[in-house]
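K.L.:
Encoded as structure tokens, here's the structure I'll be asking about.
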Amino acid sequence: MKSNKSYFLKFFEIFFMLLVIIGLTQYFDFATGIQMQVVTNAKLIWIVCGVLLALSAGLAYVWHKFIKKTDLHQWFQPIIAFYAAHQIATYGAAKILKTQFQAPNFILESPVGELNGFWLTWTYFGYSPTFAFILGAMQVAGAILLIFRKTRLLATFILLPILVNIDFIDHFYQISPLAYYNSLHYTFILIFLMFLDVDKLVYAFLSYKEYFYFNKKTVVLNLIRVIVIGGAFLHIYLLRGSIQPKSAIHGVWKVDEITMHNKTMIPSIATSDSTWSKIYFEWRYGCLIKFNPYQFNDAKDLHGQYEVDEPKHLVKIGLQNANNKVDSMKLNYQIKDSTMVMRGMYQKDSLIMKLTRLK
């Protein structure tokens, strides 16, 4: 940065130094517990933020007015950078040494729809140990570059995309509030360190000047630019239009009673090998008829496609079993509230099903 005399530079350095102190106290369990209470209480967060900002403003004023001879920048900036490097390298090491993204077996055996955001994230990222290793190695490599002044700007370009992505995951997948706070303040530290070299950024991104000329070439070029981006949306829009829209039968249905081959049965675990228990009518993915509701990826389950004629209350289903044999059926359906009755023919015999919507 061009001037180390700026009051705002001193303000931000003190503010991040306070965050460094707070972050280092997480090595003590009692401090971690206190910080967890703060980050889970909106009122406390605002109070603590207000205190930190006020304290930073006051200390920066004292520094700016009364401390002239001692260059504190040469101490504060490396400390902030070394702290961020250590913390980010810690998360990288956790991925490399396989202490992060290791979901327990009782989670791995749970249905995906029952997992919360935290376990979804851990299961997803833990699926590929190689990916986790690469992600951790990038964090460690960026942290190493961060502790050297000459490579600090490069480090921020490597680490910021990773940290911002982690911020989004922590927020939208509701990962631990303390983990969210950690990744967020590491991100802001990286942004601060990047803007210490704002003169280099200006030179790199704003030194090139292009003057606009209105002629045929620029009109055509801008039209091509619109086509390049707009064409992507048009392609997906047309693809989406070719998919049958969601209908009234879309969702998950539990079979309450089924009459087939002149025999009426109520599905249960005892009849799971011979009786349908659930029917999934999925948008884009066709339909699935399950035998055992607790057995996933069962070879006996029937997969297929369906077409719905809503005005006629008619659904045409083509099913394919494990032997690649295709069966088709036409069923009339009547929906009332969360229940549905389907009547038709299957394998040259009458079929009646009474179902209840689950989702």
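K.L.:
Would you pick out the residues in the stretch 81-92 that are within 11 Å of L135 (Cα to Cα) and open to solvent by 40 Å² or more (accessible area, probe 1.4 Å)?
P.N.:
Within the stretch 81-92, just Y91 meets the criteria.
K.L.:
Which ranges mark the helices (runs of 4 or more DSSP H) fully within the stretch 165-269 that have 3 or more residues being at pLDDT 90 or above and under 28 Å from F125 (Cα atoms)?
P.N.:
It comes to 177-195.
K.L.:
Among the numbered conditions (1) within 30 Å of P78 (Cα to Cα); (2) within 17 Å of the chain's Cα centre (by Cα); (3) open to solvent by 20 Å² or more (accessible area, probe 1.4 Å), tell me where F172 comes up short.
P.N.:
If we test F172 against (1) within 30 Å of P78 (Cα to Cα); (2) within 17 Å of the chain's Cα centre (by Cα); (3) open to solvent by 20 Å² or more (accessible area, probe 1.4 Å), just (1) comes out false.
K.L.:
Output the qualifying pairs, or none if there are none: Cβ atoms under 8 angstrom, residues six or more apart or on different chains, first residue in the stretch 10-28 and under 16 Å from Q74 (Cα atoms) and open to solvent by 30 Å² or more (accessible area, probe 1.4 Å), second residue outside any helix (DSSP H, G or I) and at pLDDT below 95.
P.N.:
Listed pairs, sorted by first residue: none to list.
K.L.:
State yes or no: is T275 of a type in the set (V, I, T) and at pLDDT below 80?
P.N.:
Answer is no for this residue.
K.L.:
Taking G33, is it crowded, with 19+ Cβ neighbours inside 10 Å and under 27 Å from the mean Cα position of the chain (by Cα)?
P.N.:
no
K.L.:
Something else about it: Could we say that I289 is within 21 Å of V341 (Cα to Cα), part of a loop (DSSP other than H, G, I, E, B) and of a type in the set (A, V, I, L, M, F, W, C) here?
P.N.:
no
K.L.:
Keeping to the stretch 292-313, report how many residues are in contact with a strand residue (DSSP E or B) (Cβ under 6 Å, 6 or more places away or on another chain), part of a strand (DSSP E or B) and open to solvent by less than 70 Å² (accessible area, probe 1.4 Å).
P.N.:
4
K.L.:
Within the stretch 317-344, can you find the residues that are at pLDDT 85 or above, open to solvent by 30 Å² or more (accessible area, probe 1.4 Å) and closer than 18 Å to I258 by Cα?
P.N.:
Selection gives K330, N332, Q334, I335, K336, S338, T339, V341, R343.
K.L.:
May I ask you to verify whether Y7 is more than 24 Å from I175 (Cα to Cα) and hydroxyl-bearing (S, T, Y)?
P.N.:
So Y7 fits the description; yes.
K.L.:
Contact list please: Cβ distance under 9 Å, first residue in the stretch 114-138 and free of Cβ contacts under 8 Å to residues at least 60 places away in the same chain, second residue hydroxyl-bearing (S, T, Y) and assigned to a helix (DSSP H, G or I), pairs at least six apart or on different chains.
P.N.:
L115/T123; G136/Y91
K.L.:
In this structure, does S207 turn out to be more than 30 Å from D337 (Cβ to Cβ), surrounded by fewer than 11 Cβ atoms within 10 Å (Cβ to Cβ), more than 33 Å from the chain's Cα centre (by Cα) and among the hydroxyl-bearing types (S, T, Y)?
P.N.:
Yes, satisfied.
K.L.:
Looking at (1) closer than 30 Å to I158 by Cβ; (2) more than 25 Å from the chain's Cα centre (by Cα), find the lone condition where I88 falls short.
P.N.:
(2)
K.L.:
Could you list, in sequence order, all residues of the stretch 237-280 that are among the acidic types (D, E) and open to solvent by less than 70 Å² (accessible area, probe 1.4 Å)?
P.N.:
Residues satisfying the conditions are D256, E257.
The values are calculated or read from the model by the stated rules, or taken from the named source; none is laboratory data. Just so it is clear, the model here is predicted, and its values are computed rather than measured. Virtual Cβ from ideal backbone geometry, glycine too; neighbours counted across all protein chains shown. Side chains are part of the model used for accessible areas, which takes the heavy atoms of the whole protein and leaves out ligands, DNA and RNA. Shrake-Rupley method; radii C 1.70, N 1.55, O 1.52, S 1.80 Å.
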